[in-house]
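To start, the structure under review is shown below, and the notes come after it.
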Amino acid sequence: MTRYAATDLTTLAAALCRAGGMETEKAQVVAEILVEGDLMGHDTHGLALLPPYLDGLASGDMQGRGEPQLLSGTPVVETWDGGKLPGPWLVRRAGDLAAERASEFGLAAVAIRRCHHIGCLAAYLPRLVERGLVAQIWSSDPATASVAPWGGTQRIITPNPLAAGWPGPDGPVMIDISMSITTNAMTARRRAEGSRFPFDALLTAEGRPTDDPEAFFQGGTLLPLGGMAAGHKGFGLGLLVEALTSGLAGHGRADAPTGWGANVLVLVIDPARFGGTAAFLRESAWIAEAVHGNPPAAGGQAPRLPGERARQRRAQALAEGVALHPTIPPALAARAAAAGLPMPSPIAA
């Protein structure tokens, strides 16, 4: 894969967003979050999203200017109408507010209805966890559906990811998990590449398990997390995400919304206001040691904590350049040319 300096990619992405009509601060945050996705290795939810974001700006589905509307608020909880403003800007802003309030009250949350798409959920975690906080981000898109209820064949919810992070002895512990086995974006990429999944990740329109991504585009669905053996658990978790996003935000599938976007809950907890920071870190250090000291399965790699590989990828990418998926540089180059902006030069191998 061709590598680029992260700063160059961020500069280009921000410039393209500004050229599309986005305010400067919003453009910078969107660029930073998208590049962070690629730095962590989530290349379906990094700069691959920039062209559709720009299309959303051009069509008016994404709003590049304005402020969210405060619908309700207490010292620890706020609910916003995002008005289809850029999701990365809204979620980072919600995280910063919740972090400030959590430091005073122990925890705080912001529910947001009508965000535009929010990108890679894990990309928001380091900013919060590095302050010694525990963060959770829940997301759903009530305007679309790709997962059927367990035992059913008709789509009713989205993959509904959850990201969570907390302080560990060597850096943030981070998880970013969809409540389906795969995502819409990965299914579309495999279809475009002509490849199949290495496992049954979908159901056909008739409800039969398959590894063929084409089935999704012929009326099929994404299998819930747990697959055919335990998909009822994944679907149950997906419903929990619906309740904590659309339910708490007070706007969702019952309103039949249109357009690409998200409903979101951002929850931040300060361990200092519970059992204490030192006690929290002592416990997370014990878990880390137990994981790292656990004997690996025969022929397998040593166990690791969630987020360790993302941190390693990020450090390598910052040092050696971001390795973009082969489909991304041509798409960025086309957008840069159309906007009269230079495409960054690749880093020499």
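From the set of residues in segment 175-224 that are hydroxyl-bearing (Ser, Thr, Tyr) and part of a strand (DSSP E or B), which is farthest from the chain's Cα centre (by Cα)? Of everything passing the filter in segment 175-224, THR210 is farthest from the chain's Cα centre (by Cα).
Taken over segment 69-102, the residue count meeting the criterion of being assigned to a loop (DSSP other than H, G, I, E, B) and over 20 Å from the mean Cα position of the chain (by Cα) is 3. The set of residues in segment 328-349 being surrounded by 13 or more Cβ atoms within 10 Å (Cβ to Cβ) and under 18 Å from MET1 (Cα atoms) consists of ILE328, PRO329, ALA331, LEU332, ALA333, MET343, PRO344, PRO346, ILE347.
Answer yes or no as to whether LEU71 is of a type outside the set (Asp, Glu) and in the same structural domain as ILE175 (by TED's automatic domain parsing). Yes; evaluated as a whole, the condition is true for this residue. The single condition among (1) in the same structural domain as TRP166 (by TED's automatic domain parsing); (2) surrounded by 12 or more Cβ atoms within 10 Å (Cβ to Cβ); (3) out of contact with any Pro (no Cβ under 8 Å at 6 or more places or on another chain); (4) not aliphatic (A, V, I, L, M) that PRO306 does not meet is (1). Residues considered: GLY165, GLY119, GLY132. Of these, the only one that is in contact with a Pro (Cβ under 6 Å, 6 or more places away or on another chain) and not in a loop (DSSP other than H, G, I, E, B) is GLY165. Restricted to segment 19-62, and to residues that are over 19 Å from GLY261 (Cβ atoms) and polar (S, T, N, Q), which residue is surrounded by the fewest Cβ atoms within 10 Å (Cβ to Cβ)? Looking at residues that are over 19 Å from GLY261 (Cβ atoms) and polar (S, T, N, Q), I get THR24.
Within segment 190-221, which residues are touching a helix residue (DSSP H, G or I) at 6+ places or on another chain (Cβ under 7 Å), in contact (Cβ under 8 Å) with a residue 24 or more places away in the chain, surrounded by 13 or more Cβ atoms within 10 Å (Cβ to Cβ) and closer than 19 Å to THR158 by Cβ? Result: ARG191, ALA205, PRO213, PHE216.
The values are calculated or read from the model by the stated rules, or taken from the named source; none is laboratory data. Here the structure is a predicted model, which means the values were calculated and not measured. With ideal geometry, Cβ positions are generated from the backbone for all residues, glycine too; neighbour counts draw on all protein chains shown.
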